[in-house]
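Coordinate-derived values only; no laboratory data. All values reported here derive from a predicted model rather than from experimental measurement. Heads up, the Cβs are rebuilt from the backbone with ideal geometry, glycines too, and the neighbour counts pull from every protein chain shown.
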Amino acid sequence: MTRNTDRLSRATLNRLPQDCQRPAYDIEAVRVGIVHLGIGAFHRAHQAVYVDDRLAAGEIGWGICGVSLRSSDTFDALQPQDGLYTVATRSGEGDHIRVIGSVQQVLVAPRSPAAVMAALTDPAVRIVSLTVTEKGYCHDPARGALREDHPDIVADLASPEQPRSTPGVLVEALRRRQAAGSAPFTVLCCDNLPENGHTVSRVLKRFAELRDPALARWIEDSVAFPSTMVDRIVPATTDADRGMVAGRLGLEDAWPVMAEPFSQWVIEDRFSQGRPRFEEAGAELVSDVAPFELMKLRLLNASHSALAYLGFLAGYETISDVMTDPSFVRFVQAMMAKEVRPTLRMPLGTDLPSYERSLLGRFSNPALKHRTWQIAMDGSQKLPQRMLGTVRDRLAAGASFPQLALGIAAWMRYMTGRDERGGPIDVRDPLAERLRGLADAAGPVADCLAPALLGVREVFGDDLAGDPRFAKPVTEALDALFRKGAREVVSRIAAETQVDGLNP
């Protein structure tokens, strides 16, 4: 294939400037040992970097075959670049540029289903990792169970050898490996799901049971589903970012990724066919991920979502913009320290106040242009994991949760599709059409809109809608947002809140 000599590729690696970190190994010698489903920006800024470090340490059997399950955008960007791309680590001190070589191949599932299945059934592939977002598992987030009526699941059960859903693809690949006498791969979920390994195990086993109970038993006995917790802020790449990277490289990179300096990966050390020594690349291998996962979901992710909805409504474009407002800082401090922290049970020695302070610093990083609108996507999938678990724990303890109630109300206000100035909101959510219909029918009246949205059981389950201890504060917060706007409401609640030892 003819390569553009002005574009990043294996042929142009020797032209990179000295201040650009490059793959410290022979890329041609690397062999694929991991298939990753959902090769988006986060994976390329996170797991692929850890793998790149292990390849540099000599573990050359763990290259990545990345699979896009829907769009061909990543393939179109990386194929002409031999899978190479740039990670720009951004801080107030500037940008550190690094070219990653761990992605050896990129496939597009709808375009090349046979090639994807061949990769998944290759005995050399010992890990299949995933970042397909919460909605990619075709499950009910409120129950953590397979949605057997999901259109993709219905289609895959009818034509199991031509799967299109994530559960369908994985179960069919495992069936073929079983039939061929090959060892199963480890399923390594890296999405923000509660007990993500256990959740994906439950979803896949149920799908397999609907296909063939014997296959489900083999998966139960043979396949490892370690849980993980991943953390790194990866904002969307802009044309300005591409221009900056091209200027630094002296070469075009069609899709570099931007990231903050912080990166965390906590992994349950349970693999069926071996793994790279991720701990030597900075990952934390533990026996139980659950406390760390809950810490991240309830402190970082919930705070991020609350700041996104309230910040968007207040007219702020990015999270760092939101954090220039002391009232929003005070609000999120109180949410973390007073409402979330008491629900966490961490291993001895974990310093939660220090972790919370680090989050404030990360959110305030001016080099990260992490848009509030981007973080606000897919809220119906995120709220059950990020906020509602904490709410249930607060209710069980007889404790209040005014900050969380306001964050949930801000999601409801956002789902009306109209901002505080009357302009349209481009709502991106799997349930967007249904939620917008409920919002349109209810109108901008909290006493009508709140019960309508609380009745969506996929989000709120069977318990919260009918609990006045939950419905009342959320409805009151939504009413305040309609009447006063997000800035005034946040300013008021921040002024009323005292958080010992945490000052903006």
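Listed by chain and number, the aspartates and glutamates placed with their C-alpha closer than 13 angstrom to that of Lys205 are Glu148, Glu172, Glu220, Asp221; residues fewer than eight positions away on the same chain are left out.
Put in line by how crowded their Cβ is, counting other Cβ atoms within 10 Å and starting with the fewest, Leu37, Leu13 read Leu13, Leu37.
What number comes out for the charge environment of Ala471, summing +1 per Lys or Arg and -1 per Asp or Glu over other residues with Cβ under 13 Å away? My count for the surroundings of Ala471 gives -3.
Within the set (1) 38; (2) 28; (3) 22, the number that percent of Cα pairs over 38 Å apart takes when calculated for this structure is listed as (2).
Under 10 Å from the Cβ of Val203, count the other residues' Cβ atoms, weight Lys and Arg +1, Asp and Glu -1, and hand me the total. Mind showing how you got there, number by number?
Details: positive: Arg147, Arg202, Lys205, Arg206; negative: Asp140.
Here the charged neighbours net out to +3.
Farthest toward the positive end of the dipole of the range 311-431, out of Val322, Phe401, Gln333, is the Cα of Phe401, where the dipole comes from beta carbon charges about the Cα centre. Using the Cβ of Glu420 as centre and a radius below 14 Å, the other residues enclosed give a net charge of +4, where K and R count +1 and D and E count -1.
Could you tell me which trypsin sites (Lys or Arg not before Pro) in the range 99-151 are loop residues by DSSP with no more than 13 other beta carbons within 10 angstrom of their beta carbon?
Numbers: sites: Arg111, Arg126, Lys135, Arg143, Arg147; in loops: Arg111, Arg126, Arg143, Arg147.
Taking the range 99-151 and a limit of 13 other Cβ atoms within 10 Å, the loop trypsin sites (Lys or Arg not before Pro) found are Arg111.
For the range 24-85, trypsin sites (Lys or Arg not before Pro) are listed when DSSP marks them as loop and at most 16 other Cβ atoms sit within 10 Å of their Cβ; the list is Arg31, Arg70. Spatially, the range 248-291 and the range 191-208 are offset by 20 Å when compared through their Cα centroids.
Would you please name the trypsin sites (Lys or Arg not before Pro) within the range 312-352 that are DSSP coil residues with at most 10 other C-beta atoms within 10 Å of their C-beta?
Details: sites: Arg330, Lys338, Arg345; in loops: Arg345.
For trypsin sites (Lys or Arg not before Pro) across the range 312-352 that sit outside H, G, I, E and B with at most 10 neighbouring Cβ atoms in 10 Å, the list reads Arg345.
Residues of the chain were split at every exposed loop site, defined as GluC sites (Glu not before Pro) in a DSSP loop with at most 11 other C-beta atoms within 10 angstrom, and the longest piece left, sites excluded, is 162-495. Which shape class applies to the range 324-393: rounded if a/c is under 1.5, otherwise prolate when a/b exceeds b/c and oblate if not, where a ≥ b ≥ c are the square roots of the Cα gyration tensor eigenvalues? Verdict is oblate for the range 324-393.
For the cross-link pairs Lys296/Lys382; Lys369/Lys484; Lys296/Lys472, the ones whose C-alpha atoms lie over 24 Å apart are Lys369/Lys484; Lys296/Lys472.
Helix-only estimate, please: 222 nm mean residue ellipticity of the chain, summing -39500 (n - 2.57) across DSSP H runs of length 4 or more and dividing by its residues, to the nearest 500.
-12000 deg cm²/dmol
Write down the percent of antiparallel bridges among all DSSP beta bridges whose residues are both part of the range 10-286, to the nearest 5. Rounded to the nearest five, the antiparallel share is 35 percent. Here the ratio of the Cα radius of gyration of the range 290-495 to 2.2 N^0.38 Å is 0.95.
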